[in-house]
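Asks: There's a structure below that I have some questions on.
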Amino acid sequence: MTFSLLAGLWALPGVAAAQDEPLQLLAFGDSLTQGYGLPQGEGLVPQLESWLRERGQDVTVINGGVSGDTTAGGLSRIAWSLTPDVDAVMVTLGGNDLLRGLDPADTRTNLDGILTEIAVRDLPMMLVGMQAPGNYGTAYQQAFDGLYPELAEAHDAVYVPSFLAPLMGDPEAPDPAAARAFLQADGIHPNAEGVARIVEALGPQVEDLLARVDR
């Protein structure tokens with residue numbers, strides 16, 4: 001191909017636009033992703049997008065969070081959420097399964113279905129884990145907590161062990177009581193400062209996810 005022909009191709013509007021468009025990251029989750037209880041601009045999606053852009057990442061983060069959604073709800077909507085413009089997906093689901101005490105086996109099946117649908121589209125993915133409280137019993141806790149790393153490995157997903165861990169102080173000795181200052185009055189959803197802490201911890205791993213995008 002001659003230089004003049006190459007130059008002509010690059011000059012075509014469609015080719016230029018494809019190079020200039022920001023990456024599209026779908027943040028797929030529940031109220032923790034949606035930004036429940038927070039003013040516009042202070043939720044996870046806008047704070048994460050700002051963090052990434054400040055570090056030179058040309059990316060738009062799409063808010064795919066639905067308050068109250070379980071992993072079953074996520075499975076029912078993942079196919080139509082993966083529009084052609086999506087380049088990568090971050091999955092943060094399971095908190096509402098915990099609140100309802102749902103069977104970890106069902107949570108595993110639903111998350112596996114979600115990740116499989118993403119894999120079918122050949123999109124890089126991230127899985128953000130949740131941790132079960134001890135009051136459900138040791139067997140439940142082990143089954144629930146263990147499904148996230150296993151699914152991340154099976155689907156070659158970037159794995160983040162815990163969404164809320166950045167609010168609990170020392171990662172070597174996490175203290176759930178320390179999170180209270182970074183939660184809203186409901187004791188479940190992070191406040192704006194809590195989201196900022198989560199983004200600081202999550203951001204570098206999201207950058208690793210974006211580095212997997214084949215443009």
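Asks: Please say if the stretch 59-127 is rounded, prolate or oblate, where rounded means a/c under 1.5 for a ≥ b ≥ c the square roots of the C-alpha gyration tensor eigenvalues, and otherwise the choice is prolate for a/b larger than b/c and oblate otherwise?
Replies: It comes out prolate by the Cα gyration axes.
Asks: On to the next question. Can you tell which of 69, 87, 122 shows the greatest fluctuation in a Gaussian network model of the chain with Cα springs below 10 Å?
Replies: Residue with maximal mean-square fluctuation among 69, 87, 122: 122.
Asks: Apply the a/c threshold of 1.5 to the C-alpha gyration tensor of the stretch 127-215 and tell me whether it is rounded, prolate or oblate.
Replies: The shape class here is oblate.
Asks: When ranked by the protection proxy of mean other Cβ atoms within 10 Å per residue, highest first, what sequence do the peptides 197-207, 130-140 form?
Replies: Highest to lowest by the protection proxy: 197-207, 130-140.
Asks: Follow-up question, since we're still on this one. Would you grab the residues whose amide H sits under 5 Å from the one on residue 183? Only those 5+ places off in sequence or on another chain, please, with H modelled 1.01 Å from N.
Replies: Correct list: 191.
Asks: Sticking with this structure for a sec: Work out, step by step, the length gained on full extension between residue 100 and residue 60: first 0.36 nm times the residue separation, then minus their alpha carbon distance; give nm to one decimal. The partial results should precede the final answer.
Replies: Values: separation 40, 0.36 × 40 = 14.40 nm, distance 3.25 nm.
Result for the pair: 11.1 nm of gain on full extension.
Asks: Right, another one. Within the set of other residues whose C-beta is less than 13 Å from the C-beta of residue 67, count the net charge using Lys and Arg as +1 and Asp and Glu as -1.
Replies: Taking every other residue near residue 67 into account, the sum is -3.
Asks: Most mobile of 43, 113, 29 per a Gaussian network model of the chain (Cα springs, under 10 Å)?
Replies: Most flexible of the set in this elastic network: 113.
Asks: For the residue pair residue 79 and residue 188, what label-to-label distance in nm results when each label sits 7 Å from Cα along the Cα-to-beta-carbon direction?
Replies: 2.9 nm
Asks: Hey, another quick one. What are the residues whose amide H is under 5 Å from the amide H of residue 90, where those residues sit 5 or more places off or on another chain and H is modelled from the backbone?
Replies: 26, 27, 28, 126
Asks: Given the DSSP H assignment, sum -39500 (n - 2.57) over each helix run of at least 4 residues in the chain and divide by its residue total; what's the result at 222 nm in deg cm²/dmol, nearest 500?
Replies: Details: 9 runs with 102 residues, N = 215.
The helix contribution divided over the chain gives -14500 deg cm²/dmol.
Asks: Have a look at 21, 117, 42 and tell me which one the Gaussian network model of the chain (Cα, springs below 10 Å) gives the largest fluctuation.
Replies: Answer for the Gaussian network model of the chain: 21.
Asks: Between 52, 129, 34, whose Cα lies farthest towards the positive end of the dipole of the chain when Lys and Arg beta carbons carry +1 and Asp and Glu beta carbons carry -1, centred on the Cα centre?
Replies: About the Cα centre, the residue reaching furthest to the positive side is 34.
Asks: Let me ask another. Relative contact order of the chain, please, whole-number percent, based on alpha carbon pairs below 8 angstrom and at least 6 residues apart.
Replies: Relative CO of the chain lands at 20 percent.
Asks: Around residue 79, under 14 Å between beta carbons, what's the net of Lys plus Arg minus Asp minus Glu among the other residues?
Replies: +1
Asks: Going by average Cβ neighbours within 10 Å, how do the peptides 178-184, 188-194 rank, with the highest at the top? Intermediate results must be reported in sequence, preceding the final value.
Replies: On the way: 178-184: 14.6, 188-194: 18.1.
Taking the mean over residues of other Cβ atoms within 10 Å, the ranking is 188-194, 178-184.
Asks: Assuming a ≥ b ≥ c are the square roots of the Cα gyration tensor eigenvalues, decide whether the chain counts as rounded (a/c under 1.5), prolate (otherwise, with a/b larger than b/c) or oblate.
Replies: Prolate.
Asks: Note down the net charge around residue 180, summing +1 for each Lys or Arg and -1 for each Asp or Glu among other residues with Cβ under 14 Å from its Cβ.
Replies: Spelling it out: positives minus negatives among the neighbours equals -2.
Asks: Still on this model: Tell me, what ³J(HN,Hα) does each residue in the stretch 156-164 have, in order and in whole Hz, if you take phi through Karplus 6.51 cos²θ - 1.76 cosθ + 1.60 with θ = phi - 60° and put x for Gly and Pro?
Replies: 3J(HN,Hα) across the stretch 156-164, in whole Hz: 6, 9, 4, 10, 10, x, 8, 5, 8.
Asks: For the stretch 123-146 and the stretch 44-113, what is the separation of their Cα centres, given in Å?
Replies: Taking the Cα centre of the stretch 44-113 as reference, the centre of the stretch 123-146 is 16 Å away.
Read-outs: derived from the displayed coordinates by stated rules, not from any lab. No experiment lies behind these values; they were computed from the predicted model shown. Please note: Cβ atoms are built from the backbone with ideal geometry, for glycine as well, and neighbour counts cover all protein chains shown.
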